[in-house]
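Asker: I have a structure I would like to understand better, so I am pasting it below and will then ask my questions one at a time.
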Amino acid sequence: MFFLDPTFLILIPALLLALYAHTKVTQTYALLSRKRARVGLSGLQVAEELVQHLGLRVKIEEIPGALTDHYDPSREALRLSRSVARGTSVADLAIVAHEVGHVLQKREGYSAFALRSVLVPVAGFGSQLALPLFFLGFLFALRPLMDLGILFFSLAVLFQLVTLPVEFDASRRAYGVLDRLGFIAPEEKPLVRQMLSAAALTYVAATAIAALQLVRLLLLRESRE
């Protein structure tokens, strides 16, 4: 079977990293969500304060789900999950600031953010078609179809690679904004860094999985000669 061939073994390190990253971010949030931030504001209030202080034009919306927070540049909407929007912890503060960091990236024309925005529809379309196309090509020994699948999947890998500097930069901006505007006390600074680092690890894991999956597809293509 295609999905049970020996090349699947090369994905195991990345899958283990992804499992660790998911566990790390959920445990870190669970731990730090019990530590009330000195500023005493909810995530939604922090977002409103930061947007006002920084002169940003963005809608702030509360959405369902856990850790589903994101910034939608196409609609200029900063969306906060219910627990983060209503929470008053250091973890909530860090997550809100991270998403505000993305808003700053767009306003300041951060090149990696602009590139990722361009790649979003292309990578989404490509990732949906990549494996089905490759699978059909592999099954019927059609190398052009396998190559097309690999090309589409390469776009998804490129998206993940571009996402890394975008996310790390957003975290850097988040910490700087919170520190500069006095939203975090000195003793809260390492906790904010801890939350941001745990979240960043999930993107590292996603990139590792995508890159190794691409290597796997290349190996499978060569084995079908």
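The values are calculated or read from the model by the stated rules, or taken from the named source; none is laboratory data. This one's a predicted model, so the numbers in the text were calculated from it and none came from an experiment. No Cβ is skipped: glycine too gets one built from the backbone with ideal geometry, and neighbour counts run over all protein chains shown. Side chains included, ligands, DNA and RNA excluded: accessible areas come from the protein's heavy atoms. Shrake-Rupley method; radii C 1.70, N 1.55, O 1.52, S 1.80 Å.
Asker: Would you kindly derive the ³J(HN,Hα) couplings of region 75-84 from the backbone phi angles with the Karplus curve 6.51 cos²θ - 1.76 cosθ + 1.60 (θ = phi - 60°), listing them in order in whole Hz, with x for Gly and Pro?
Answerer: 3J(HN,Hα) across region 75-84, in whole Hz: 10, 6, 10, 9, 9, 10, 5, 4, 5, 6.
Asker: Between the DSSP loop rule and a limit of at most 14 other Cβ atoms within 10 Å, which GluC sites (Glu not before Pro) in region 85-168 are left?
Answerer: E108
Asker: Mind checking region 37-139 for trypsin sites (Lys or Arg not before Pro) that DSSP puts in a loop (not H, G, I, E or B) and that have at most 11 other Cβ atoms within 10 Å?
Answerer: Filter output for region 37-139: R57, R75.
Asker: Summarise the accessible area of region 91-187 (1.4 Å probe, protein heavy atoms) by the percent that is carbon and sulfur.
Answerer: Roughly 73 percent of what the probe reaches on region 91-187 is carbon or sulfur.
Asker: Rounded to whole Hz and in sequence order, give me ³J(HN,Hα) for region 158-170 from the Karplus expression 6.51 cos²θ - 1.76 cosθ + 1.60, θ = phi - 60°, writing x for Gly and Pro.
Answerer: 4, 4, 5, 5, 5, 4, 4, x, 4, 6, 5, 5, 4
Asker: So with the 1.4 Å probe, I'd like the accessible area per residue for region 103-149, rounded to whole Å².
Answerer: Ligands and nucleic acids excluded, the figure is 55 Å² per residue.
Asker: Whose amide H sits under 5 Å from the amide H of I63, counting only residues 5 or more places off or on another chain, with H placed in the peptide plane?
Answerer: For I63, whose amide H was placed from the backbone, the distant partners under 5 Å are L80, S81, R82.
Asker: OK, next. Quick one: which residues, 5 or more positions from R38 or on another chain, have an amide H under 5 Å from its amide H? H modelled 1.01 Å from N in the peptide plane, none for Pro or chain starts.
Answerer: A185
Asker: Sticking with this structure for a sec: Apply the Kirkwood formula to region 116-185: the hydrodynamic radius equals the inverse of the mean of 1/r over all pairs of different alpha-carbon atoms; give it in Å with one decimal.
Answerer: About 14.1 Å for region 116-185.
Asker: Can you give me the accessible area per residue for region 1-41, using a 1.4 Å probe, in Å²?
Answerer: Value for region 1-41: 69 Å² per residue.
Asker: Please list, short to long, the whole-number percent of alpha-carbon pairs of the chain in consecutive 5 angstrom bins beginning at zero.
Answerer: 1, 7, 13, 16, 16, 14, 10, 8, 6, 4, 2, 1, 0
Asker: For the chain, what number of Lys pairs, 8 or more residues apart or on separate chains, have alpha-carbon atoms under 22 Å from each other? Intermediate values should be presented prior to the final figure.
Answerer: On the way: K24/K35; K24/K189; K35/K189; K59/K106.
Within the chain, the lysine pair count is 4.
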